Each structure stands twice: as structure tokens, then as C-alpha cells.
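Heads up: the structure comes next, in C-alpha cells.
The values are calculated or read from the model by the stated rules, or taken from the named source; none is laboratory data. Here the structure is a predicted model, which means the values were calculated and not measured. As a convention, Cβ positions derive from the backbone with ideal geometry for all residues, glycine included, and neighbour counts pool all protein chains shown.
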DNA sequence: TGACGCTGCGCAAACGGTTGCGCAGGGCGC
DNA sequence: GCGCCCTGCGCAACCGTTTGCGCAGCGTCA
């Protein structure tokens, strides 16, 4: 069995020309004679020649591979995001090197190192929940490996990022709830150190104040995303002297746990208390009690945009090497969606 | 800004030694003096030297990258599978190049080509539903790029594969149902051309016959996995002269659609008719009516095993180049799981 | 008829590492 | 004092491809 992939050298040998001639013939160089060109291309087709991308990328210092690091691919949000990334990548002939951080900054760092070793052209990343140091990522930029963040983006300005404005989204959601008569609105937020939590809380406070209601911090609970923690938050809220009549949960996963607990406590979900959430995941359509309203965060679109920005950066790099640093920051709308249906 | 990643050459120049010395010093070669070794390693650490995996893989004809092609990452089954693959990969310092086929044989073929171009060391793939030609994959084997299939595996024997024995699983499930007194058991199967469908049907027939009941093909319906098609199947079953008292659906996604429809038809799910399914996805724990019993197919474990087999193949390739062809075929148990709970 | 330009191709360096081999210098035994 | 081995390092080839440059042969024009 011929166990070697065909190379340009083989073609050269069999046609008694030099490798450079073959190389040029394949790329349709004007200085190669028509006869030679035809012969080369013919033989290349016959033996199923495929250029060795590794050799090319090695030579050209460009691999058409971009790294993608996500917290958890099993979260539908991220699996949709990577599909968006992939779609845009294919469009421009890029391939993606994939890794998960499992929301662990250490693993995230190791993945970044691995990607650097593999010399990806660029890196698209949604940060782990606990990440608060960015040296490993800034180091990449230093070496001209662009980094594009999406959804879970770093707090500073000198970065390319695409994300949803959850502050606005939250304000809108509060407005919607209040206009429907729900005035005791609770928030089950995530850990304080997450910027996502901060956005939600800011939006919550702004949304409530804007409607001339006073903010009651007794209605703001926290979860570390474990089922137990979410259940505890619900119990706490139900035990308030004046329990809420609307609960905003951090995301649809928290929502599902929250609803489960509320039911166990004999709450008539979406009647006694309405539940609203973030993410608008398709699976909630199959659950017993989907959130009445969810904030769509467009994971597919975010992924797609992130990749498009990446392509732009990579092309620019080739063109005007030392371009002035302009950071692409793209804020996507976070829109209210009612009654999320099936897939 | 120093925009170049540090190379071995730089170290050599700055230390006034040859590149070969640096290379050997870094790999702790015994013939390099202790002083030199220390100096080199010191400087390497200082300037954050990281070997260029592309150059190495180019030279060594080995990249420590394996391709992974899945139908849809958004199906929890596959996102869990890729996590298993990733875990095993990290263990052995491999990285994964990712792509989806979207259940389209054409896209699958293109992804395979892309991976070949990138010269992955091996390919792990779960076939698209419609794939019935395997030339593009067999071509890889010809060039010594091993292919390991999992879950959706090809029908022939000359392939490395890991999968669940759904035939046995189905027989077990039927046995369980009959022992509980459910004797009119329906099956909502997938398209005929899928081997997964064939397995289920064979298991269905065997399971029913084994219990001395006669097989009623009126109780076997099909779905193309669209919600409409599944709904139609349910309607058909409910309209039988003797409707079923148990329904086996192709997988948990079909289950969810099926239950939705049954409810609309005022069936008391899991009372009038019990629903059982395949896959045992965590999300069903959050749905209104999870399947009473589901066949666990261990996606994480399948992925992990597939990667381990891959590693073994790649190591063997290095060791005994022309080893006799032995195909790894790993059949995992498909176990019955009751009352699947939350995450 | 000599200078010049065009056509068609080959030579060789380069990308960043690895590795077989060679060589110099020193220590050792006989 | 000669041969031998050991230590410590450099030289150069190699992996597959691209690309700047050089060169030969031929036609053209002054």
C-alpha cells in the first residue's frame, strides 16, 4: 500500500521538472508554459494530490486555524455559539481547534498554552466564570495572535469583543414586568465577581428605580449555579415577609432548577409567581414551565460575528502590518422573547 | 513591540551556541554539558520560549492533532461525547480539530478533506445520518491516517469502532416493559436506512418474540425526526383499534416531541401510556414528562474510548509500522436507567 | 550584429525544529 | 607514547512548499 500522501516532489520527479516548476504550475503562475502546466495539473489530479497545509502554514506563518475556547460545550448556549463560529470559519476556509475551560482558569490557561504551541492564527474565547487575570491572553496579542472575546468578555477596553448588553436587557425586562403589574421582582443572581452578575444587578437596580419603585435588596439572592444553591435561594425568597410575585433567574439552567424547587414548595409556577430568565434556550420549550419571558442573547450570532471580526483582523494583519490599534467592540441587542417555543 | 514568538535560533544566537545544542539542551540530551544545559533552559524560560508545534509536527510527520467530526454539537449526546474525547486527548497531550457534518454527507466529505489538508494524525467521527458511501474515509486509512468511528458507525467490519449494542438494549427494555404488564408496545423508529433504526427494529422484534407475544407491525411507526413527523406517528398510533400502552421512541428528542403531541391529544403521559426512550439525556430531567426508562448510551464514555483507541493506534503506528491489521471493535453495554433525574 | 527583452524553467534559501555523524580535546590504560 | 574512549559541541541534511533570482535560448529592433 502506498502509505504516503502525494507530495509536490513526487510530481516533479515523475515529470522530470523541478519542484519549483510544479509549485508554480499548480498555482497558475504566468511564467510556466502551458504544456508543463497542463501536465502537472493532470498528474496532480490523477494521484489525488492535496497540498500539505502544515508545510504551507509553516512556510507562510499562517495556518488558517483559529482556536476556540469555551467554558462548557454541553451548555446549549455555547454549542450554538460554536456553530456560528464554524459557519463563518468555513465561509473563509478556516478550521477550528477546539477546547473547553470547564470554567476553570487553570485549565483555561493550559488550553491557551496548547493553542499557542499549535500556532493558531487567532483565538476566540468566552472566558471561564472565575477568570480575573488576563496575562496569558494578553501575551498572545503581544505575539500578534489576535484574541476575540465573546459573551463572557473581559472588563477592560483594549480588547476585541462581542457581547449582549444585559444591562439594557434587564432594564427592559423589569419594565415589562412592572407594566404587567408585577411589582415585587426578585433576582437570583450569580456570584458577585462575575461581570455578568454585575450587569444584571445594575440593570435590576436601574430598571426598578426608573419606574419609581424602591429597590429591596431582600429580593436579591445569589446562586453558585449548583442545584442546591439555587434551591436555597428560592426557599429564602419564599420565606420573605412579602414574597416576590416575579423572579428573574440568572439563566435558563438556573431557571429550571428554580422552578423545580418552587414546585416542590407548592408554588403555582407562572401563576402565583412568574418566572423570567436569560438565554432563551430551545430546550426550555420542552420543559414543564418555560420562563414566561427570556432574554435572547443570540449565541449563534455572537459566534458568527466573533469569527468575522477575527477574519478581518487576520486579513488586516497581512495587509498593513503595523496598523494602528483599533479595537472592535460589538454590542448586540439583548431582546425580550415571550413564550419561547420548541426547536 | 517584539512581535515574533521566540525561536530556538534566537536562543542559540544569544548564547553563541548552535541550534542543535539548544535543541538538545532543551530535550535534556545526555551529551550536552550541565552548564550549557542550564544556561539554555534558563534563557528559554526567561523569554517564554514555546516550541513551535507546527515546525515539529512538520519535521516529525506527527502533529498531535486529531480531527473530530460530529453531526450536531448541539445535541447533548454529542457535546458529552466530545467532552470525553477531549478529556482523553488532554491526558495524552493531543489537541482536537473540530467540525460538524450537520447530518449532511456532502458537508461531511468536505470536512474530511479539510482535516486531510491539515494533516491530522487521525480522525474520530460519528457518521451523518445519511452517509452510505465511505470512500472519503477509507482513503484516509490508505494514507495511514487512522479513523475511529463511534456511535454512528459504518456497517462493515474493517473499521475501528465503539458503539452501544442497541439491539440488546432494546430487547432488555421490551423485557422490562412486558414484565410490568405492558404488552402492547409501540416503536417510533427512525428512517429505514439508518443502521440505528435497524438495530432497534431487530431488538424490538426479538424482544417481543422472546416473550412469546406476536409482533404487530401496526405498532411500528417512523419519524424523520422533525416534530411534525413525530406528531403524525403519535396520531397514527392513537388511532389504532388497539392503541399501545407503551411507546418506545427513537431517542429523547423524539420522546419530547412525542410526549408534547400525546398531551395535546389528552393522553395522560406515563399513565394511560408509558413512554420510554434512548439516550438518557440530563435535560429530560427538567422536562414535564421524562421517559419512564431510558437506555443510557454513555456518550462521554464512548468518546473517551474512541480517543484511547486512537492513541493506541497512533503509538502503534510509530512502533511497528506495518503491523498486521487488527480492528478495534468495542461494544459498550446499553443499560436501562429508570427515572432519570436532574444534572 | 550586438544589445535588449521576453519566455520558460531551475537553483537555492527559507520557515523551525531534530538528529546522525564528525571532530576536537582530555583522561585513561597499557 | 600511542591508541582508545568519553565528553561536549557543531555541521548539515531533512520535512514540503514558496519565491527571489539567475540563466539559457530565442526573437526583435536599431
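Being free of Cβ contacts under 8 Å to residues at least 60 places away in the same chain and either crowded, with 18+ Cβ neighbours inside 10 Å or not assigned by TED's automatic domain parsing to the domain that holds residue A:149 (or both) is the filter here, so list the residues in the range A:87-100 that pass it.
Initial filter on the range A:87-100 (free of Cβ contacts under 8 Å to residues at least 60 places away in the same chain): A:90-91, A:93, A:95-100.
Once the filter is applied, which keeps residues that are free of Cβ contacts under 8 Å to residues at least 60 places away in the same chain and either crowded, with 18+ Cβ neighbours inside 10 Å or not assigned by TED's automatic domain parsing to the domain that holds residue A:149 (or both), the range A:87-100 yields A:90, A:95, A:96, A:97, A:98, A:99, A:100.
Kindly establish whether residue B:40 is outside the structural domain of residue B:148 (by TED's automatic domain parsing), surrounded by 21 or more Cβ atoms within 10 Å (Cβ to Cβ) and either near DNA strand D (Cβ under 10 Å from one of its atoms) or closer than 28 Å to residue B:279 by Cα (or both).
Working: outside the structural domain of residue B:148 (by TED's automatic domain parsing): yes; surrounded by 21 or more Cβ atoms within 10 Å (Cβ to Cβ): yes; either near DNA strand D (Cβ under 10 Å from one of its atoms) or closer than 28 Å to residue B:279 by Cα (or both): yes.
Against the criterion (outside the structural domain of residue B:148 (by TED's automatic domain parsing), surrounded by 21 or more Cβ atoms within 10 Å (Cβ to Cβ) and either near DNA strand D (Cβ under 10 Å from one of its atoms) or closer than 28 Å to residue B:279 by Cα (or both)), residue B:40 qualifies.
Within the group B:172, B:216, which residue is in contact with a strand residue (DSSP E or B) (Cβ under 6 Å, 6 or more places away or on another chain) and more than 30 Å from residue A:285 (Cα to Cα)?
B:172
Does the range A:54-73 contain at least one residue that is farther than 30 Å from residue B:6 by Cα, crowded, with 19+ Cβ neighbours inside 10 Å and at pLDDT 95 or above?
Looking through the range A:54-73, at least one residue is farther than 30 Å from residue B:6 by Cα, crowded, with 19+ Cβ neighbours inside 10 Å and at pLDDT 95 or above.
Looking at A:54, A:62, can you tell me which residue is farther than 10 Å from residue A:299 by Cβ, in contact with a helix residue (DSSP H, G or I) (Cβ under 8 Å, 6 or more places away or on another chain), within 16 Å of DNA strand C (Cβ to nearest atom) and more than 7 Å from chain B (Cβ to nearest Cβ)?
Within the list A:54, A:62, the selection yields A:62.
Considering only the range A:7-16, I want to know if a residue exists there that is touching a residue at least 24 places away in the same chain (Cβ under 8 Å), within 14 Å of chain B (Cβ to nearest Cβ), part of a loop (DSSP other than H, G, I, E, B) and closer than 30 Å to residue A:281 by Cα.
No: zero hits.
Just give me the residues in the range B:71-86 being more than 9 Å from chain A (Cβ to nearest Cβ) and more than 17 Å from residue B:131 (Cα to Cα), in sequence order. Give the derivation first.
If we filter the range B:71-86 for residues that are more than 9 Å from chain A (Cβ to nearest Cβ), which is where we start, we get B:71, B:77, B:81, B:84-85.
Once the filter is applied, which keeps residues that are more than 9 Å from chain A (Cβ to nearest Cβ) and more than 17 Å from residue B:131 (Cα to Cα), the range B:71-86 yields B:77, B:81, B:84, B:85.
Among the residues of the range A:317-326, are any at pLDDT 95 or above and either within 30 Å of residue A:88 (Cα to Cα) or in a strand (DSSP E or B) (or both)?
Looking through the range A:317-326, none of the residues is at pLDDT 95 or above and either within 30 Å of residue A:88 (Cα to Cα) or in a strand (DSSP E or B) (or both).
Does the range A:223-260 hold any residues that are part of a helix (DSSP H, G or I) and more than 14 Å from chain B (Cβ to nearest Cβ), and which are they?
A:232, A:233, A:234, A:235, A:236, A:237, A:238
Just checking, how many residues over the range A:296-310 are surrounded by 24 or more Cβ atoms within 10 Å (Cβ to Cβ) and not in a helix (DSSP H, G or I)?
1
Can you confirm whether the range B:263-283 contains a residue that is more than 10 Å from chain A (Cβ to nearest Cβ) and assigned to a helix (DSSP H, G or I)?
Yes: one or more hits.
Is it true that some residue in the range B:40-49 is within 11 Å of chain A (Cβ to nearest Cβ), away from DNA strand C (no atom under 16 Å from the Cβ) and without any contact (Cβ under 8 Å) to a residue 60 or more places away in the chain?
Among the residues of the range B:40-49, not one is within 11 Å of chain A (Cβ to nearest Cβ), away from DNA strand C (no atom under 16 Å from the Cβ) and without any contact (Cβ under 8 Å) to a residue 60 or more places away in the chain, which makes the answer no.
If residue B:30 satisfies all but one of (1) more than 9 Å from DNA strand C (Cβ to nearest atom); (2) modelled with pLDDT under 95; (3) within 11 Å of another protein chain (Cβ to nearest Cβ), what's the number of the condition it fails?
Of (1) more than 9 Å from DNA strand C (Cβ to nearest atom); (2) modelled with pLDDT under 95; (3) within 11 Å of another protein chain (Cβ to nearest Cβ), only one is false for residue B:30: (3).
Could you list, in sequence order, the residues of the range B:10-37 that are more than 29 Å from residue A:60 (Cβ to Cβ), exposed (fewer than 14 other Cβ atoms within 10 Å of the Cβ) and near DNA strand D (Cβ under 7 Å from one of its atoms)?
Listed by number, the residues that qualify are B:16, B:31, B:33, B:34, B:35.
Filter the range B:151-165 down to residues that are closer than 18 Å to residue B:129 by Cβ, surrounded by fewer than 18 Cβ atoms within 10 Å (Cβ to Cβ) and touching a helix residue (DSSP H, G or I) at 6+ places or on another chain (Cβ under 9 Å), then give me how many there are.
Summing the residues that are closer than 18 Å to residue B:129 by Cβ, surrounded by fewer than 18 Cβ atoms within 10 Å (Cβ to Cβ) and touching a helix residue (DSSP H, G or I) at 6+ places or on another chain (Cβ under 9 Å) in the range B:151-165 gives 1.
Can you list the strands (runs of 3 or more DSSP E) lying wholly within the range A:105-174 that have 1 or more residues being within 14 Å of chain B (Cβ to nearest Cβ) and modelled with pLDDT of 95 or more?
A:122-125
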